1. Just for region 430-450: of the residues that are farther than 25 Å from Ala262 by Cβ and not polar (S, T, N, Q), which one is least open to solvent (accessible area, probe 1.4 Å)?
2. On the given criteria, is Val125 at pLDDT 95 or above, of a type outside the set (Phe, Trp, Tyr) and under 23 Å from the mean Cα position of the chain (by Cα)?
3. Just to check your reading of the model, which residue among Gly398, Gly427, Gly436 is out of contact with any strand residue (DSSP E or B) (no Cβ under 7 Å at 6 or more places or on another chain) and at negative phi?
4. Mind counting the residues in region 410-423 that are assigned to a strand (DSSP E or B) and surrounded by 23 or more Cβ atoms within 10 Å (Cβ to Cβ)?
5. I'd like to know if region 106-115 contains one or more residues that are open to solvent by less than 60 Å² (accessible area, probe 1.4 Å), farther than 28 Å from Leu197 by Cβ, touching a residue at least 12 places away in the same chain (Cβ under 8 Å) and touching a strand residue (DSSP E or B) at 6+ places or on another chain (Cβ under 9 Å).
6. Could you list all residues from region 64-98 that are of a type in the set (Gly, Ala, Ser), under 16 Å from Tyr117 (Cβ atoms) and part of a strand (DSSP E or B)?
7. Restricting to region 229-276, and then to whatever is farther than 23 Å from Tyr199 by Cβ and part of a strand (DSSP E or B), can you tell me which residue is nearest to the chain's Cα centre (by Cα)?
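The values are calculated or read from the model by the stated rules, or taken from the named source; none is laboratory data. Since the model is a prediction, treat every value here as computed from it, not as a measurement. Note that we place each Cβ from the backbone using ideal geometry, even for glycine, and neighbour counts take in every protein chain shown. SASA here: full protein model, heavy atoms, side chains in, ligands and nucleic acids out. Shrake-Rupley method; radii C 1.70, N 1.55, O 1.52, S 1.80 Å.
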Amino acid sequence: MLKIMSLAAVLSLAAGPTAPQNPFTAPAGGASTHGDSASSKVFAGPGPAGSPVKVTRSTLLSACPTLLHGGDGQLLGLCTEYLGQAPALHLLDRANGNSLAKLSIAKGTLLGGVYAYVDHRDRVVIVDGNRDLLRIAHSRDAAGKWQLAVVERTPLSSVIPEGDAVVGVVPAYDGRVWFVTSAGRVGAVDTTTGAALTYRLPNSEKVANSISTVPGRFAVTSDRAVYVFDTDRAGAPAPLWRYAYDRGPARKPGQLSWGSGATPVFFGPSTGAEYLAITDNADPHMNLVVLRTDGPATPVCVRPLFTNRAASGTENAPVAVGTSIFITNTYGYDYPALPEDAGASVPANADFDGGVARIDVPANGAGCAVTWQINTRSAALPRLSQADGKLYTVIQEGILGDADPFTFAAIDSATGAISDRKILGFGLVNPLQTAGTVLDRTYYQGTVTGLLTIAPAG
């Protein structure tokens with residue numbers, strides 16, 4: 001493990017407030033693939049670290065990149081089926097990961113089934129391939145069998161032309177639903193009237209990542225810049241500021257698009273929303289970029305990462321809480337599929353060297369420093385427990401490269417020390433750099449074939 005600070009200077013476990021609970025999402029932690037509407041990837045309870053674990057694998061004949069849960073504790077998975085590459089929503093058995101109910105969804109983009117959320121009534125909210133905003137509820141029928149059904153449908157085809165598709169959807173704190181499309185349309189839907197108003201990003205900018213909200217602010221990262229919006233008096237998206245980051249000369253191997261691979265993340269030491277973090281695509285090493293939520297005139301920091309590697313980059317958004325940010329290096333990660341418009345990477349191929357780092361913003365908000373860095377190859381997007389201070393993820397260790405086994409692991413947020421390793425298997429349990437989720441100390445991780453359930457054995 002590469003230590004950046006001396007042992008005496010190592011900070012405590014990452015801690016701090018998260019953004020206020022969004023009143024229009026399920027409780028933070030399971031409301032989205034990033035945990036909450038601020039995209040912090042933080043959850044309140046403990047994970048399974050410290051106990052022997054048992055692993056159950058379910059095969060759903062689908063890749064399952066998105067795991068969600070609401071206030072009722074029901075586990076839901078958005079998966080892409082092998083046949084036809086169409087998305088489907090599953091209600092999942094928490095004990096073994098098997099599907100209790102399934103609802104097919106009209107096919108959209110590769111990422112269209114990833115960036116959905118669970119609302120305050122435990123309904124999944126997603127925009128389908130027909131450009132309809134759906135709310136999907138789960139319930140039991142008279143015989144006690146689970147079922148999934150669309151209970152609300154808001155057409156958006158009047159503001160999203162054919163050929164464009166929604167990438168991400170998340171609610172504002174006033175109840176509007178924000179969305180962003182791959183062609184750079186930013187929209188706000190009045191859920192009372194169904195009216196939708198949009199703003200088109202300039203310079204033909206595209207979007208390939210999700211979006212984030214905190215009170216009075218909405219953030220989106222395009223392939224050239226990060227934006228913060230509010231709504232104007234008419235309810236239309238109104239940009240407050242734009243920060244152009246270093247997008248680099250081309251898409252890097254281990255990324256799905258050219259530009260930042262990061263959903264913007266709100267975090268901060270007092271309100272959980274003072275700062276906004278992304279990573280750029282600078283060549284050869286990406287930078288962590290931290291900006292003040294109220295304006296980017298002077299970035300808090302632009303810090304190069306993983307400079308002990310020949311090159312670095314990431315498709316994963318930061319994990320952030322308080323003044324601490326955690327970044328994984330996905331440079332060279334071999335995705336089994338790419339979006340149709342991804343373009344060639346430069347270079348065409350590279351080894352997946354990995355790396356995980358903790359970076360901290362000092363109390364005076366000036367600059368940032370790497371606290372620790374490890375060379376571990378994280379094959380999943382980590383999730384951070386506020387209760388035990390562990391980053392939960394799936395790693396690859398060994399000398400075989402892509403053929404190395406996948407291993408469940410917990411990373412200590414204070415030191416970067418790895419513990420609680422449990423070998424999960426090989427290629428069929430590849431987590432595809434997606435985030436898991438935790439319910440009652442059980443860690444659930446989507447894979448290329450279905451779901452892994454990692455629970456305390458006792």
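1. Among them, the one singled out is Gly450.
2. yes
3. On inspection, the qualifying residue turns out to be Gly427.
4. Of the residues in that region, 2 qualify.
5. no
6. Scanning region 64-98 gives a single hit, Gly77.
7. Phe267
Quick grid of which residues meet (1) of a type outside the set (Lys, Arg); (2) within 17 Å of Ala317 (Cβ to Cβ); (3) touching a strand residue (DSSP E or B) at 6+ places or on another chain (Cβ under 6 Å); (4) open to solvent by less than 10 Å² (accessible area, probe 1.4 Å):
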site	(1), (2), (3), (4)
Gly259	yes, yes, no, yes
Ala262	yes, yes, yes, yes
Phe267	yes, yes, yes, yes
Ala277	yes, yes, yes, yes
Asp283	yes, no, no, no
